[in-house]
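Every read-out reported here was derived from the displayed coordinates using simple, explicitly stated rules and does not represent laboratory data. All figures in this text were calculated on a predicted structure; none of them were measured in a lab. Using ideal geometry, Cβ is built from the backbone for each residue, glycine included, and neighbour counts are taken over all protein chains shown.
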Amino acid sequence: MPPARAWRNYPQLYRLEAARCTKCGTVHFPPRLVCSHCRNRSFETFRLGRTGQLVSYTVIRTPSAEFTGQAPFAVGIVEMDDRVRLTAQVVDVGFDELRVGLPVRLEFRRISAEGESGVIHYGYKAAPVRG
Amino acid sequence: MAAGIIGYGAHIPRRRIKVEEIAKVWGADAPSYKKGLELREKSVPGLDEDTITLSVEAARNALARAQIDPAEIGAVYVGSESHPYAVKPSGTTVAEALGATPDCHCADLEFACKAGSEGMFVAYGLVKAGLIKYGLGIGADTSQGAPGDALEYSAAAGAAAFLMGDDDDKLIASIDETYSFMTDTPDFWRREHQFYPSHGGRFTGEPAYFRTVTGAVRGILGKSGMKPADFKYAIFHQPNGKFPKRVGKMLGFTMEQIDTGRLVPTLGNTYSGSSPLGLTAVLDVAEPGDRVLMCSYGSGAGSDAFVFTVRPRVRETRDLAPRTRWLLDEHVRYIEYGEYAKLRRKIRMAE
Ligand SMILES: [Zn+2]
């Protein structure tokens, strides 16, 4: 990923910044220009909480070039407590422990690195809630 | 006006490897390593964990306890000897992830294992001087020992973060005194482009660690007019289980004072995170009025010592983020040497 493209997404990747519709309150992540619920065009920045639960998952064994060396790894769709869904790698969990409804927390992790000399990309991954 | 810690947080990766598992691969005698180092296992970071990610998680826990607006953090200092980039600061990513940018001073610090306490010292100093409202000092490392080297049994990963401020109603522990001690002592080093550090073997003990830590502690006791018995807890840099016990004894501290913050037997040496993580474990259980001594150590060589007095707010804040002993003891995953070698990038891959 070109550094500039990743950089534009830092508010979402680093701080989970969503857009909350000022008219109907619907939270959009990533932010949108028009509210899909009421067509309103004005939003306020809303920082998502970091907890949610797994609603779907799969194990990737043959990843795209950016993620070779990480395989096998799990990817899942997480329903956040703030009622938005996002896709994230699911880490620090045995594949046999994956299940729909697993409580997870988004942690700050390395997503990928451009070889040994390129930029390192950071963002969120889901890890099971400890305890 | 008093200044000191208004928020603290720890983070420790979940994976652990036991001394036996490493010794098995190198044909070494595990019981003698365990006895010699007083260490049973150590934390291991995942491929996606580094000094930056551990720092962010620890700092988020510190923010959860401080309950301040991250935009009011005026300085971010990450101390480490394993910054992910040779050129490009760790602190900018940490500050961006917390929401402390752009109105913020930032620098990465390096001084072997002392870099974490340096960040604490500088952040505290700037608050005390009135230049910033809040300052963040972090000690974090994901250090490596060469395969088969004694350091491989202890080099571990972890981070501790401290938010400094001077709002009287926010203080968790005031800093009452500081003292630093340092000389040029070549006990441990790593040259540019070298993957693993080098050390002076037995030379790392007497003239380096023990001389420097006792120098710093005697200095701060003299400066503050206090004696070992005045403290409820004492935390010393812990490269292994033995050194902090021995240095404590040399200085007149009891095991009771030392053990709460001595995490190394099941954590390993977290380098810049070492004594700072010990301090987080102490704050998790300390009571208002307790006096706490912390003394870091970094090869090269130097120590930063602090005297803290715990404030009543410690009780309200300790359960706003995970406690350090809980991170250390619960939900750990033991791995074998093969996975460890992969995670620590000790396996040579095709280009
Ligand atoms: Zn709407």
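With the dipole of segment B:1-160 worked out from charges on the C-beta (+1 for Lys and Arg, -1 for Asp and Glu) around the Cα centre, which of B:74, B:61, B:134 lies farthest toward the positive end?
Selected residue: B:61.
How large is ³J(HN,Hα) for each residue in segment A:92-101, as worked out from phi by the Karplus curve 6.51 cos²θ - 1.76 cosθ + 1.60 (θ = phi - 60°), to whole Hz, x for Gly and Pro?
So the Karplus estimates, Gly and Pro as x, are 6, 8, x, 4, 6, 9, 5, 7, 5, x Hz.
Apply the Debye scattering formula to segment A:49-131, with a single equal point scatterer on each alpha-carbon and no solvent, then give log10 I(q)/I(0) at q = 0.13, 0.15, 0.25 Å⁻¹.
-0.41, -0.53, -1.23
I want the local charge near residue B:110. Using Cβ-Cβ distances under 15 Å, sum +1 for each Lys or Arg and -1 for each Asp or Glu among the other residues.
Values: positive: B:88, B:114, B:190, B:191; negative: B:81, B:108, B:118, B:141, B:192, B:304.
Counting the neighbours of residue B:110, the net charge comes to -2.
Taking every Cα atom in the protein assembly as shown, find the radius of gyration and the maximum pairwise distance Dmax, and write them in Å.
Expressed in Å, the Cα Rg and Dmax of the protein assembly as shown come to 22.3, 72.
Residue-wise, which Karplus ³J(HN,Hα) couplings in Hz belong to segment B:114-125, taking 6.51 cos²θ - 1.76 cosθ + 1.60, θ = phi - 60°, and x for glycine or proline?
8, 4, x, 5, 5, x, 4, 5, 5, 4, 4, x
Among B:66, B:100, B:155, which one moves the most in a GNM of chain B with springs linking Cα atoms closer than 10 Å?
Maximum fluctuation in the GNM of chain B, among the listed residues, is at B:100.
Based only on other Cβ atoms within 10 Å, what is the fewest-to-most ordering of A:122, B:124, B:297?
Working: A:122 26, B:124 22, B:297 30.
Fewest-to-most ranking of A:122, B:124, B:297: B:124, A:122, B:297.
Which ordering of B:43, B:224, B:198 is given by a fewest-first count of other beta-carbon atoms within 10 Å? Walk me through the numbers before you get to the answer.
Values: B:43 27, B:224 17, B:198 14.
Going from least to most buried by this count: B:198, B:224, B:43.
Once label points are set 7 Å from the Cα along Cα→Cβ at both residue B:206 and residue B:347, what is their separation, rounded to one decimal in nm?
About 4.4 nm separates the two model spin labels.
So, with +1 on the Cβ of K and R and -1 on the Cβ of D and E, and no other charges, what is the size of the charge dipole of segment B:8-57 about its Cα centre, to the nearest 20 debye? Write down the numbers at each step before the final one.
Details: 9 positive and 9 negative charges, 57 e Å.
My answer is approximately 280 debye.
Could you grab the relative contact order for chain B? Cα pairs under 8 Å, six or more apart, rounded to a whole percent.
Normalised by residue count, the contact order of chain B is 25 percent.
Past 31 Å, Cα to Cα, is the threshold; run B:35/B:88; B:34/B:223; A:23/B:170; B:170/B:242; B:133/B:223 against it and keep the listed order.
Table pairs above 31 Å Cα-Cα are B:35/B:88; B:34/B:223; A:23/B:170; B:170/B:242.
Averaged over B:177-183, how many beta carbons belonging to a partner chain fall within 10 Å of each residue's beta carbon?
0
Cα centroid distance between segment B:230-249 and segment B:22-82, in Å?
19 Å
Within the set of other residues whose C-beta is less than 15 Å from the C-beta of residue A:41, count the net charge using Lys and Arg as +1 and Asp and Glu as -1.
Details: positive: A:20, A:23, A:32, A:39; negative: A:44.
The answer is +3.
Give the cross-link partners of residue B:128 among the aspartates and glutamates, using a straight C-alpha distance below 18 Å as the criterion and excluding same-chain residues fewer than 8 apart.
B:72, B:118, B:166, B:167, B:168, B:169, B:176, B:177, B:304
Kindly put B:81, B:20, A:44 in sequence by how many other C-beta atoms sit within 10 Å of each C-beta, fewest to most.
So the ranking, lowest neighbour count to highest, is A:44, B:20, B:81.
Using +1 at the C-beta of Lys and Arg and -1 at the C-beta of Asp and Glu, which of B:181, B:261, B:197 has the Cα lying farthest in the positive direction of the dipole of the protein assembly as shown?
Selected residue: B:261.
Determine the sum of side-chain charges near residue B:244: Lys and Arg each +1, Asp and Glu each -1, restricted to other residues whose C-beta is under 12 angstrom from that of residue B:244.
Working: positive: B:242, B:245, B:246, B:249, B:262; negative: B:38, B:259.
Net of charged neighbours comes to +3.
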